[in-house]
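Here is the structure we will look at, set down as structure tokens.
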Amino acid sequence: MKIAVVILNWNGKHFLKKFLPALLEYTACEGTEIIIADNASSDNSVEFLQQNYPSLRVIQNSTNEGFAGGYNTALKQIDAEYYVLLNSDIEVTPNWVEPVIALMDSDKNIAAAQPKILSYYNRDEFEYAGAAGGFIDCLGYPFCRGRIFFNLERDKKQYDNVCEIFWATGAVLFVRADLYHSIGGLDVDFFAHQEEIDFCWRAKNKGYKIMYCPHSVIYHIGGGTLPKSSARKTYLNFRNNYALLYKNLLKNKFYKVIILRFPLDVLASLTFLIKGNFKEFLSVYKALGGFLKMRKKNRQKWSELVRREYPSGIYRRSIVLKHYLGGVKKFCQLSEKDFTSQ
């Protein structure tokens, strides 16, 4: 098998009903198989698949191991050259697989890639989770071509060039299977959120490239598992972001970043408080404690990771200050010279 398209499903029967027909119609590449990895759903997803799509392979995880653990468990059971990690809340379009695979076939140094991600509901607008490729600023805040914080650009073909990015979205992640396993897959301790950024950063630290391919287009609903505003999501985002920085930055860089970063996180927590979101306010500080527990648990394993001074694609300035004080709302307003390159 050359390509395994793997959907990690957790209580997403309604998405499977909605999007599987188009996926089956538009995924016709030779040597490609569609596989459902079920993360211990309780909504009869497996029964639905067995009754309506008996030819599809279903891998049943015994427990809900989150995005990272669920995929790691399932992918160990799948032999392919490429994996496509595909969210269940996605509508694919004709020819969505071939251009990305052709790009990766052309350069063995490409570890992972993503297509253009547009909003399912606002179809001429980029979608939050990935847009036209992910980047990260000097303090660890992720953003995208087409999306800076919650400001989403309309797709006017302004990002229709194939290019190297810093991270590819976990919503539609094309990745080399052998590399996925050799660098440890997704970090199971992340559970969910930013584990794809961590994976891509680890790959870049080993000298690989992450790419964006606009010739493949998908439409993403987003927020299918956790709502956009929730204390749990806030906790995971902050905790995992601290872990992301600790794992991938040189140690002297990490402590410098945290000193600069923490006041901004305090401001973020106060914003939650002002809006009346007391649980999200507390989540910011609980996240720091959660990170310290993660670090203690993984200190030895994380100490063995390869780190580079700064791989390509890091924005050397603060996207927070550029956005909130400088009025920057679009990726094209950022200067190319302010990004690291190697």
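A few points about this structure:
- Residues being surrounded by fewer than 17 Cβ atoms within 10 Å (Cβ to Cβ) and among the aliphatic types (A, V, I, L, M) - total across segment 241-256: 1
- Tally of residues being assigned to a helix (DSSP H, G or I), among the small types (Gly, Ala, Ser) and buried (at least 19 other Cβ atoms within 10 Å of the Cβ) across segment 270-321: 3
- Residue match in segment 142-149 (condition: in the same structural domain as GLY70 (by TED's automatic domain parsing), surrounded by 24 or more Cβ atoms within 10 Å (Cβ to Cβ), modelled with pLDDT of 95 or more and small (Gly, Ala, Ser)): yes
- Meets criteria (within 15 Å of LEU86 (Cβ to Cβ), outside the structural domain of LEU236 (by TED's automatic domain parsing) and buried (at least 17 other Cβ atoms within 10 Å of the Cβ)) for THR32: yes
- Enumeration of residues in segment 44-73 that are surrounded by 15 or more Cβ atoms within 10 Å (Cβ to Cβ) and among the acidic types (Asp, Glu): GLU65
- Hey, ILE3 free of Cβ contacts under 8 Å to residues at least 60 places away in the same chain, in contact with a Ser or Thr (Cβ under 7 Å, 6 or more places away or on another chain) and closer than 18 Å to PRO115 by Cβ or not: no
- Of the residues in segment 207-220, none is at pLDDT 95 or above and assigned to a helix (DSSP H, G or I).
- Residue within segment 80-94 that is of a type in the set (Phe, Trp, Tyr), surrounded by fewer than 19 Cβ atoms within 10 Å (Cβ to Cβ) and either part of a loop (DSSP other than H, G, I, E, B) or in contact (Cβ under 8 Å) with a residue 24 or more places away in the chain (or both) present: no
- The residues of segment 4-22 that are more than 14 Å from ILE221 (Cβ to Cβ) and assigned to a loop (DSSP other than H, G, I, E, B), listed by number, are TRP10, ASN11.
- Conditions (1) among the charged types (D, E, K, R); (2) outside the structural domain of ASN240 (by TED's automatic domain parsing); (3) over 23 Å from TRP167 (Cβ atoms); number of the one not met by ARG316: (3)
- Condition met for PHE67 (under 17 Å from LEU173 (Cα atoms), part of a helix (DSSP H, G or I) and under 23 Å from the mean Cα position of the chain (by Cα)): yes
- Criterion applied to SER62, SER106, SER119, SER88 was being at pLDDT below 95 and in the same structural domain as THR169 (by TED's automatic domain parsing), and the one residue passing it is SER62.
- For segment 23-51, filtered to residues that are touching a helix residue (DSSP H, G or I) at 6+ places or on another chain (Cβ under 8 Å) and not in a strand (DSSP E or B), the residue that is nearest to ILE218 (Cα to Cα) is CYS29.
- Sub-6 Å Cβ pairs linking a first residue in segment 109-121 that is in contact (Cβ under 8 Å) with a residue 24 or more places away in the chain to a second residue that is part of a strand (DSSP E or B) and polar (S, T, N, Q), at least 6 apart or interchain, are PRO115/SER216, ordered by first then second residue.
The values are calculated or read from the model by the stated rules, or taken from the named source; none is laboratory data. For clarity, every value in this text was computed on a predicted model and none was experimentally measured. Reconstructed Cβ throughout: ideal geometry from the backbone, glycine too, with neighbour counts over all protein chains shown.
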